[in-house]
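Derivation of every value follows stated rules applied to the coordinates shown; laboratory data play no part. On a predicted model such as this, the values are computed, not experimentally measured, just so you know. Cβ atoms come from the backbone with ideal geometry, glycine included; neighbour counts cover every protein chain shown.
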């Protein structure tokens, strides 16, 4: 276990040496009256970084693909050597390679080739020393994410291989404290540390004093570029994650493309851009234990302190299967979310609770300014198709009412769902501005719920073969 002094030294070396991303744009602003032209501009601008043709095979640095040998040092040496000569590709060839935390450096592509499987250690000590990170939207020092980069530029994880976190009901997942994921009474879990961290954030305790890791049982994310620019994650399959899978934080120009996420543990969100801008998620398949894609921007007081929204995000050509929500914003959205686009996507599963999900409350606060969806095909949804819910968890009465508006959904078809709409604002903070055009909610078992919504516009909207009528 790191001493507090060592943890603070790690925080100092990394936090204050790395570039800081603010919400200020670094390129010309995206401005046009047509929202889908703005989406096209995001698609055109967010491109994966290019790398020199140099290649570094991790076996040349001592790695062995036998599924037993610890290849952590070999992989880190290959990454360092690649970085020091100006960049290139670090190749993980066919085989089963066991490793601890992998830390990417600028100008390095970690290429996990066909037939390769990176097996991440289930020993929490393999993710020390502590690093600056976020847990459920709150900054702290904690275990390193399995693949991590801090303050780097031009980085990638690519290939057709598998990233296997090896989490299961015996490793990582029991820390949630749920019997559904292997926890048994008397075993340790995250509740005490999670409550302590959230209390520190509300009290304004400096981040360098929020030191967790061993004894805290706060699970790390799988892939986390933190304060990075020009990031590509392409082609890989992600399975058995401890917690959130792909989690860009305070990052810019991020392309997540043709990735498969298939992991059903607790809080196993597929892709969570947080306080990040210019993000494209394209051609991916999400089959998850929590939200498939969830846009976030920090939690409660900590999100308001950092005060960096997520903005200019495009999701296109993706498939959504199991999940609490398909396309989601929240609940950790205290820094705000603006300009999110989703198009040409398909969703269907009896275990998909909600298709388009917006979750917040008067503790989270924050804003959603501009959400645009079109050409969405939905098969089966277990709950509501569109759910904008200000009553998530704590609900009203806590002083930070959210602001949500300019929600535009068009050209969407549904086969079957429990309910077309569940829109619940507050009397003193209504949802402002929802437009649905050319939407067929298919066979809906129960009527919609609409409470405290202003400027709800329905244009050619059907349910059960008839025009949707709201009571």
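Worth pointing out:
- Label-zone membership for segment 339-380, site residue 403, 7 angstrom Cα→C-beta point, backbone N under 15 Å: 339, 365-371
- Highest-first arrangement of 36-44, 103-111, 137-145, 407-415, where packing means the average Cβ count within 10 Å: 137-145, 103-111, 407-415, 36-44
- Prolate/oblate/rounded label for segment 273-344 (Cα gyration tensor, a/c 1.5): oblate
- The overall shape of segment 84-202, judged from the alpha-carbon gyration tensor, is oblate: a/c is not under 1.5, and a/b is no greater than b/c.
- Across the chain, C-alpha contacts under 8 Å between residues 6 or more apart give a mean separation that, scaled by the residue count, equals a relative contact order of 9 percent.
- Relative contact order (%) - criterion: Cα under 8 Å, at least six apart; region: segment 259-298: 56 percent
- Beta bridges per DSSP with both ends in segment 61-200, % antiparallel, nearest 5: 20 percent
- Full-extension gain in nm, residue 471 to residue 411, via 0.36 nm per residue minus C-alpha separation: 19.2 nm
- Between residue 44 and residue 346, the C-beta separation translates, for a Förster distance of 22 Å, into a calculated FRET efficiency of about 0.40.
- As a rough footprinting exposure proxy, the listed residues 296, 50 were ranked by other beta carbons within 10 Å of their own, and the order from fewest upward is 50, 296.
- Summary of the geometry: segment 449-471 and segment 116-150, compared by the centres of their Cα atoms, lie 45 Å apart.
- Where only DSSP H runs of four or more residues are counted, the chain gives -3500 deg cm²/dmol as its mean residue ellipticity at 222 nm, each run worth -39500 (n - 2.57).
- Alpha carbon centroid spacing (whole Å) that separates segment 290-358 from segment 33-54: 20 Å
- Euclidean distance between Cα centres, segment 193-244 to segment 415-437, Å: 32 Å
- Stretchable slack from residue 180 to residue 160, in nm (0.36 nm times residue separation minus alpha-carbon distance): 4.1 nm
- Label point 7 Å beyond Cα of residue 305 along Cβ direction - residues of segment 215-258 with amide nitrogen under 14 Å: none
- DSSP-defined beta bridges in segment 351-471 - what % are antiparallel, rounded to 5: 5 percent
- Full-stretch length increase - residue 153, residue 435 - with 0.36 nm per residue and alpha-carbon distance subtracted: 97.6 nm
- Only Cα pairs under 8 Å and 6+ residues apart enter the sum, and on that basis the relative contact order of segment 69-190 stands at 23 percent.
- DSSP-defined antiparallel bridges as percent of all bridges, the chain, nearest 5: 5 percent
- Residues within the reach of a label modelled at residue 451 (point 7 angstrom out along Cα to beta-carbon, backbone nitrogen below 11 Å), restricted to segment 420-441, are 423-427.
- Cα gyration tensor category, rounded, prolate or oblate, for segment 201-248 with a/c compared to 1.5: oblate
- Relative to its Kirkwood radius, the Cα radius of gyration of segment 80-133 gives an Rg/Rh of 1.01.
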